[in-house]
Amino acid sequence: MQDKTVLITGGNSGIGKEAAIAIAKQGATVVIACRNEISAQQAVEDIKNASGNTKVAFIKLDLASLQSVRNAAKQFKQQYKRLDVLLNNAGGAWATKQFSVDGFEYSFATNHLGHFLLTNLLLDMLKQAPEGRIVNVSSEVHRMTRFDFEQQINPASYNQWKTYGFTKLCNVLFTYHLANKLSGTNVTVNAVHPGVVNTNFMKKLPGMLKTAASVAGSLFFLTPQKGAAPLVQLCTDPKLKGVTGKYFNRHKQAKSGQDSYNTQFQELLWQKSEQMADLKDNG
Ligand SMILES: NC(=O)c1ccc[n+]([C@@H]2O[C@H](COP(=O)([O-])OP(=O)(O)OC[C@H]3O[C@@H](n4cnc5c(N)ncnc54)[C@H](OP(=O)(O)O)[C@@H]3O)[C@@H](O)[C@H]2O)c1
């Protein structure tokens, strides 16, 4: 990975931070894209210390703001000559219904729409790389929800896990549609479930669930390092060269949920995302 540049969203914590350390250990230039500057600066120092690689930096990115995504893409293009790997890792499940600054349901905005725009704005750079890779971090929870765009995009009664599952289904639908669009190029795109991992994700659960998760987490869940391993493999393993449009349950290629293969859903999500992110006009 010596000459390669890797951009990781949410590399300041959990799985993303461990992926950043492992990829930095392989010699790549690693840029973490984070919304909190203080936490990001600390993470940059931690990643440098843990990897022994000084080519680590951060750019500011709030995925729940389309303007912030545009600024981040612009800044990245100004500061870096190449982009070999984009690891779309940041995400979460929020206990209460809330909205992004652009007025979209918050977890959809963060987990899907921000990454959709970021990826599209950086595609030209990835196409210039000898072997561009995009890795979208989804979840097995994507199987919990059917794809009903109008209902899920602004649910009348909010259910944290249904909404989260919908956004993670969007990650897989986006992966498959983008893989088709990129066929014939040197850029691959895959989606991955990292496993059930003991990270800050579990600490954001409400009330009793948080307590249960913190007990179960330390006993049964994977460490962030183990959770990061399949992401690192997809970002770096030469054996995966040319593999695209696939879903991985940790290290194994797997069949994803039924709705993810529906090409009408893939097309609808793409069109709606383009409109919401104002991509055609300003992209
Ligand atoms: N943990 C699991 O068991 C599990 C299972 C399946 C899938 N996943 C997926 O794995 C990915 C990483 O999660 P994790 O477990 O490592 O949780 P985590 O420790 O909570 O990390 C989530 C990361 O996303 C960032 N983030 C959240 N909202 C953001 C926004 N609006 N803009 C920019 N960054 C934002 C967070 O930044 P802050 O530090 O600023 O909040 C943090 O860096 C997520 O996509 C999650 O859905 C996790």
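One line per residue, one yes/no per condition, for (1) within 21 Å of M125 (Cβ to Cβ); (2) modelled with pLDDT of 95 or more; (3) within 16 Å of the ligand (Cβ to nearest atom):
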position: L178; (1), (2), (3): yes, yes, no
position: H193; (1), (2), (3): no, yes, yes
position: N262; (1), (2), (3): no, yes, no
position: L269; (1), (2), (3): no, yes, no
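Out of R70, R35, one residue alone is without any contact (Cβ under 8 Å) to a residue 60 or more places away in the chain and of a type in the set (D, E, K, R). It is R35. Please determine whether any residue of region 39-57 is within 9 Å of the ligand (Cβ to nearest atom), open to solvent by less than 50 Å² (accessible area, probe 1.4 Å) and closer than 26 Å to D237 by Cβ. Yes, because at least one residue in region 39-57 is within 9 Å of the ligand (Cβ to nearest atom), open to solvent by less than 50 Å² (accessible area, probe 1.4 Å) and closer than 26 Å to D237 by Cβ.
Taken as a whole, the structure places D62 among residues that are within 11 Å of the ligand (Cβ to nearest atom), of a type in the set (D, E, K, R) and either touching an Asp or Glu at 6+ places or on another chain (Cβ under 8 Å) or open to solvent by 30 Å² or more (accessible area, probe 1.4 Å) (or both). Restricting I38, I32, I59 to those that are in a helix (DSSP H, G or I) and among the β-branched types (V, I, T) reduces the list to I38.
With respect to the conditions (1) free of Cβ contacts under 8 Å to residues at least 60 places away in the same chain; (2) assigned to a helix (DSSP H, G or I); (3) buried (at least 16 other Cβ atoms within 10 Å of the Cβ), N136 falls short on a single one, namely (2). Considering every residue within region 78-98, establish whether at least one is within 30 Å of Q275 (Cα to Cα), near the ligand (Cβ under 9 Å from one of its atoms) and outside any loop (DSSP other than H, G, I, E, B). Checked region 78-98: at least one residue is within 30 Å of Q275 (Cα to Cα), near the ligand (Cβ under 9 Å from one of its atoms) and outside any loop (DSSP other than H, G, I, E, B). Would you check if there is a residue in region 195-209 being in a loop (DSSP other than H, G, I, E, B), more than 11 Å from the ligand (Cβ to nearest atom) and modelled with pLDDT of 85 or more? No, that holds for no residue. Has region 105-120 got at least one residue that is within 13 Å of L7 (Cα to Cα) and either open to solvent by 40 Å² or more (accessible area, probe 1.4 Å) or not in a helix (DSSP H, G or I) (or both)? No: zero hits.
The values are calculated or read from the model by the stated rules, or taken from the named source; none is laboratory data. These numbers were taken from a predicted model, which means no experiment stands behind them. Quick reminder, even Gly has a Cβ in these numbers, built from the backbone with ideal geometry, and neighbours come from all protein chains shown. Heavy atoms of the whole protein, side chains included, go into the accessibility calculation; ligands, DNA and RNA do not. Shrake-Rupley method; radii C 1.70, N 1.55, O 1.52, S 1.80 Å.
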